[in-house]
Amino acid sequence: MLEKLLTVKLSRTFKIPVWSVVLATGGLAWIWYSLRKNNAEEKDTDEHKRARIAAVGDKTNHVETATKKKAKTKRKLKIFYGTQTGNSKHFAEVLSEEVESLGFESSCVDLSTYDPEDSLAEEGANNYVCVFIISTYAEGMPPEGAAWFYKWLQETATDFRVQKSLLNGTYFSVFGLGNSLYPDSFNTVAKQVDQWFTELSATRIKEVGCGDENGKNGGLDGDFTLWKKGLMKKLKRVLRGKDIHSCEGGACSGKCGCTKKEGDGPDKHCSSDEDGHSHSHSHSDHCESSDEEMTSKKPSSDVVDLEDLGKIMKLAKMTKETEVEDGEDNSSSEPREMITPLLRQSLEKQGYRLIGSHSGVKLCRWTKSMLRGRGGCYKHSFYGIESHRCMETTPSLACANKCVFCWRHHTNPVGTEWKWKMDDPELIFKGALSSHKNMIKQFRGVPGVVPERFAEGLEPRHCALSLVGEPIMYPKINSFVDMLHGKGISTFLVTNAQFPDAIKTLSPVTQLYVSVDAGTQEHLKKIDRPLFKDFWQRFLDSLTALNDKGQRTVYRLTLVKEWNTNEIESYAKLVSLGNPDFIEVKGVTYCGESKASTLTMNNVPWHEEVVGFVQLLADQLPQYEIASEHEHSNCILLAHTKFKIANEWWTWIDYDRFHELMQDFRGTNKKFTAKDYMAKTPHWAVYGATERGFDPQETRFHRKKKDKTAA
């Protein structure tokens, strides 16, 4: 009966129980309710998500706002310099002045007074932008004053215990001073500093700049000017508080040509300046605009596929446009002048009178001394020159060595060949005479100057071609020498034994010197620091070439205590190559503190020590004897026994006879030898005389010692 009540007759065919209908209806209602609830929950979840995202966005915007606010805070520039000769300090001051002229704060810091351990990591946090101007010295080492900074930075960058983010937030750039003629160590210090800063997560503003004393842009001055021009474009942006990474945090706009996409990390970014974009590399292996860099942009093979030609042409065009934009247009083949503005300033400060673009003249202290009747130099004792009538000059300020005892403090340029603008020899000749006479005129009326000597000094009779640099490098040296001889001026030319071919083709000079600063290859490299890789063979060939000269020849040995005083047998072997007429042995002159040399008074031998060395050397050379000395100059003369006639020495020069022989040589090419113009040495100049080389006609002058007793 119950079954009949619960059954609904739907049709004649089907019959459905009532309870099934009830259950089905309830199920549908439950499904409908569940769907409504889920939709509400999803709606609520989305609203919460949007709320949370909004909250995070607000926080992010707050952080970004704070970051931007901090980034827009004006920064200050701190320029660190490490210098050996003062050039780095000069460039630091130039950059500082330019930055300050634009209204930014700037300061210069000597690395010798800076403690990186205490301060370097804080520079970025204190809103300082760091620029380093540092030179590379001998053997690729930093200047003495920057040695601690360099060592600390190296150890910090390579220490696994130090976090690589130590300098994160620090903006920096590096400019180096070096010489490309030393390829193995060219600007090593600057490159390493740049690399270590990058490894410690500092942000490079501009690629490391490599100043080149031997560069095509006018030396260090030109290279620094070009680098500074590019630096200032980006530096102004950073100092204003702007971030150098214009596309950081998002995809690049595409203008800079980099490959940064959304999601790329911080290592892949672009750097920009006010004039556009330029890619910022994470590591620098070479200098900006260096020959190495330009070579690396070229295809690895000399053979180029035809379809790649368009790319090569485009690259060449881009490279040219970049060079012109940076102020470097190499389209002109005009050689540059040897004397740069910085070099001119330095030499003139030292008392040089510069002539043209590569020559100079200076008044020797012995010239001043003999004008006042106080004695002449060792050449007066050895060869009879009149020191007050001697002009010290050079037609080439450049040299191929950087000797440790150079009293010019390496202010002169260096080079292995002539690549500068070349002045006419007549211009140099007239300029040297005029400048020398003008310097002599300044002694008119000076107390103690002998009137007769003053009048004679205005007419020079001798020329010491040993002022600075390497005079034999000047391609027209023979014409210049002929002009001196035509004026009745004798010539004493000194060469550093690195140009044997020039020695072979050199016209006769009154006396030709070759500097022999060491007896072995190892010590010569250490003392002379030559530019040529084949310096030793050039040295030997120069000595051999000297043997073929008919006129007077001299080996000049400069003794540096603890450097080259224990090579007597080696020196004796070298004498056999050149067979010089004379051997001058002189103790090194200490010229006070020099940033270009580590020598001290301890390296200066006593006169007795020089005499002892010469005596031992003479024992190895049976054809040579000690002929003369000049105690005042700490100098001894060994002479070949052919100049000892009837037990008397004839080391002096008959200058009138020499000029007669030169006239015959120019007219008929008649050869002559050193013995044809020798003269007898006076008794007071002979070794062993009580005068010790001081002319008795002169008045010995002793400096008064200051009274240190308190008044």
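Miscellaneous remarks
- Which listed residue is more than 19 Å from Q192 (Cβ to Cβ) and of a type outside the set (S, T, Y), from V162, V129: V129
- Complete set of residues in the range 540-566 that are open to solvent by less than 10 Å² (accessible area, probe 1.4 Å) and not hydrophobic (A, V, I, L, M, F, W, C): S542, R552, T553, Y555, N564
- Evaluation of L617 against the conditions (1) buried (at least 19 other Cβ atoms within 10 Å of the Cβ); (2) under 20 Å from I385 (Cα atoms) shows that the sole unmet condition is (2).
- All positions within the range 654-685 that are touching a Phe, Trp or Tyr at 6+ places or on another chain (Cβ under 6 Å), within 20 Å of E698 (Cα to Cα) and touching a residue at least 40 places away in the same chain (Cβ under 8 Å): T681
- Taking the range 504-544 as the range and being under 15 Å from C399 (Cα atoms) and of a type in the set (A, V, I, L, M) as the test, the residues that pass are V514, I527, L531.
- Of the residues screened, N179 is one that is within 24 Å of A398 (Cβ to Cβ), open to solvent by less than 50 Å² (accessible area, probe 1.4 Å), in contact with a Lys or Arg (Cβ under 9 Å, 6 or more places away or on another chain) and polar (S, T, N, Q).
- Residues located in the range 440-470, provided they are touching a Gly at 6+ places or on another chain (Cβ under 9 Å) and open to solvent by less than 10 Å² (accessible area, probe 1.4 Å): I440, L467, V468, E470
- Taken together, the criteria place Q511 among residues that are polar (S, T, N, Q), under 27 Å from G431 (Cα atoms) and modelled with pLDDT of 95 or more.
- Hey, E569 assigned to a helix (DSSP H, G or I) and surrounded by fewer than 16 Cβ atoms within 10 Å (Cβ to Cβ) or not: yes
- Residue check: P425 meets all listed conditions (1) open to solvent by less than 40 Å² (accessible area, probe 1.4 Å); (2) modelled with pLDDT under 95; (3) not β-branched (V, I, T) but one, namely (2).
- Scope the range 598-619; condition in a helix (DSSP H, G or I), touching a residue at least 24 places away in the same chain (Cβ under 8 Å) and either aliphatic (A, V, I, L, M) or out of contact with any Phe, Trp or Tyr (no Cβ under 8 Å at 6 or more places or on another chain) (or both); matching residues: N602, H607, E609, V610, V611, F613, V614, L616, L617
- One residue alone among F104, F80, F132, F149 is over 20 Å from the mean Cα position of the chain (by Cα), crowded, with 17+ Cβ neighbours inside 10 Å and touching a residue at least 24 places away in the same chain (Cβ under 8 Å), and that residue is F104.
- The set of residues in the range 428-439 that are over 22 Å from K368 (Cβ atoms) and buried (at least 19 other Cβ atoms within 10 Å of the Cβ) comprises I428, F429.
- Residue identified as in a loop (DSSP other than H, G, I, E, B) and under 21 Å from K228 (Cα atoms) among S107, S96, S173, S180: S180
- Within the range 152-172, restricting attention to residues that are of a type in the set (V, I, T) and at pLDDT below 90, the residue that is least open to solvent (accessible area, probe 1.4 Å) is T156.
- For the range 201-234, the set of residues classified as without any contact (Cβ under 8 Å) to a residue 60 or more places away in the chain, surrounded by fewer than 21 Cβ atoms within 10 Å (Cβ to Cβ) and within 18 Å of F132 (Cβ to Cβ) consists of S201 only.
- You will find that of T553, T565, the residue that is modelled with pLDDT under 95 and in contact with a strand residue (DSSP E or B) (Cβ under 8 Å, 6 or more places away or on another chain) is T565 and no other.
- Candidate set from the range 662-677 (those that are in a helix (DSSP H, G or I) and closer than 12 Å to R552 by Cβ); member that is most open to solvent (accessible area, probe 1.4 Å): K675
- Checking each residue in the range 138-169 for being out of contact with any Ser or Thr (no Cβ under 9 Å at 6 or more places or on another chain) and part of a loop (DSSP other than H, G, I, E, B) picks out D159, F160, R161.
The values are calculated or read from the model by the stated rules, or taken from the named source; none is laboratory data. Everything numeric here is computed off the predicted structure, so don't read it as measured data. Glycine gets a Cβ as well: all are built from the backbone with ideal geometry, and neighbour counts include every protein chain shown. Surface areas here come from the heavy atoms of the whole protein model, side chains and all, with no ligands, DNA or RNA. Shrake-Rupley method; radii C 1.70, N 1.55, O 1.52, S 1.80 Å.
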